[in-house]
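Asker: Mind having a look at this structure? Questions to follow.
The values are calculated or read from the model by the stated rules, or taken from the named source; none is laboratory data. These numbers were taken from a predicted model, which means no experiment stands behind them. Here the Cβ positions follow ideal geometry from the backbone for every residue, glycine too, while neighbour counts run over all protein chains shown.
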């Protein structure tokens, strides 16, 4: 299950972290709850895996670009981490909360501002709302990127 770091990059109590994330429509569940968790975010007919993606750690110079930049997606998301370790940061009213996501985590996002960085090679099952041809509709927020927290993997 995910570990969490608070705005000061220090370990954050999981109950407190989950409450901060829930306030922005984000949840992280264990894979054992996957069908029910996905159903919380996506209606029947939109729960299928759109793609299984292999994600590699970026070069340091590219760590704040693409999904590594602060963004909001147009669609609701329900993703399963199949392997590896990465960081997802979510902007909350209290500042950024970082989740260390690993194999077995199911990440639900309902429009919250976030960014993502794989720390090791990862494989994700990606699901999102929208019609058959919809993509996530990522829109950069223009928020300046601060350094990523350092975590042990």
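Asker: Looking at residue 143 and the list (1) more than 20 Å from residue 36 (Cα to Cα); (2) touching a strand residue (DSSP E or B) at 6+ places or on another chain (Cβ under 6 Å), which single condition is not satisfied?
Answerer: (2)
Asker: Only one of these conditions is not met by residue 150: (1) surrounded by fewer than 13 Cβ atoms within 10 Å (Cβ to Cβ); (2) at pLDDT 95 or above. Which number is it?
Answerer: The single condition residue 150 does not satisfy is (2).
Asker: Considering the range 103-112 alone, what residues qualify as being within 12 Å of the chain's Cα centre (by Cα) and either surrounded by 15 or more Cβ atoms within 10 Å (Cβ to Cβ) or part of a strand (DSSP E or B) (or both)?
Answerer: 105, 106, 107, 108, 109, 110, 112
Asker: If you check 23, 53, 37, which single one turns out to be touching a residue at least 40 places away in the same chain (Cβ under 8 Å), surrounded by 17 or more Cβ atoms within 10 Å (Cβ to Cβ) and touching a strand residue (DSSP E or B) at 6+ places or on another chain (Cβ under 8 Å)?
Answerer: 37
Asker: Inside the range 1-10, can you point out the residues that are surrounded by 14 or more Cβ atoms within 10 Å (Cβ to Cβ) and either out of contact with any strand residue (DSSP E or B) (no Cβ under 9 Å at 6 or more places or on another chain) or assigned to a strand (DSSP E or B) (or both)?
Answerer: Those that are surrounded by 14 or more Cβ atoms within 10 Å (Cβ to Cβ) and either out of contact with any strand residue (DSSP E or B) (no Cβ under 9 Å at 6 or more places or on another chain) or assigned to a strand (DSSP E or B) (or both): 3, 4, 5.
Asker: In addition: Do we find that residue 115 is more than 24 Å from residue 36 (Cα to Cα), in contact with a strand residue (DSSP E or B) (Cβ under 9 Å, 6 or more places away or on another chain) and buried (at least 20 other Cβ atoms within 10 Å of the Cβ) in this structure?
Answerer: yes
Asker: Has the range 125-141 got at least one residue that is in contact with a helix residue (DSSP H, G or I) (Cβ under 7 Å, 6 or more places away or on another chain), over 21 Å from residue 1 (Cα atoms), free of Cβ contacts under 8 Å to residues at least 60 places away in the same chain and not in a strand (DSSP E or B)?
Answerer: Looking for residues that are in contact with a helix residue (DSSP H, G or I) (Cβ under 7 Å, 6 or more places away or on another chain), over 21 Å from residue 1 (Cα atoms), free of Cβ contacts under 8 Å to residues at least 60 places away in the same chain and not in a strand (DSSP E or B), one finds none in the range 125-141, hence no.
Asker: Okay, moving on. Identify all residues within the range 56-88 that are without any contact (Cβ under 8 Å) to a residue 40 or more places away in the chain and buried (at least 16 other Cβ atoms within 10 Å of the Cβ); write none if there are none.
Answerer: Residues satisfying the conditions are 84, 86, 88.
Asker: What number goes with the only condition from (1) more than 26 Å from residue 150 (Cα to Cα); (2) part of a loop (DSSP other than H, G, I, E, B); (3) modelled with pLDDT of 95 or more that residue 64 does not pass?
Answerer: Residue 64 satisfies every listed condition except (1).
Asker: Out of the range 119-147, which residues are more than 17 Å from the chain's Cα centre (by Cα) and under 17 Å from residue 108 (Cα atoms)?
Answerer: Result: 130, single match.
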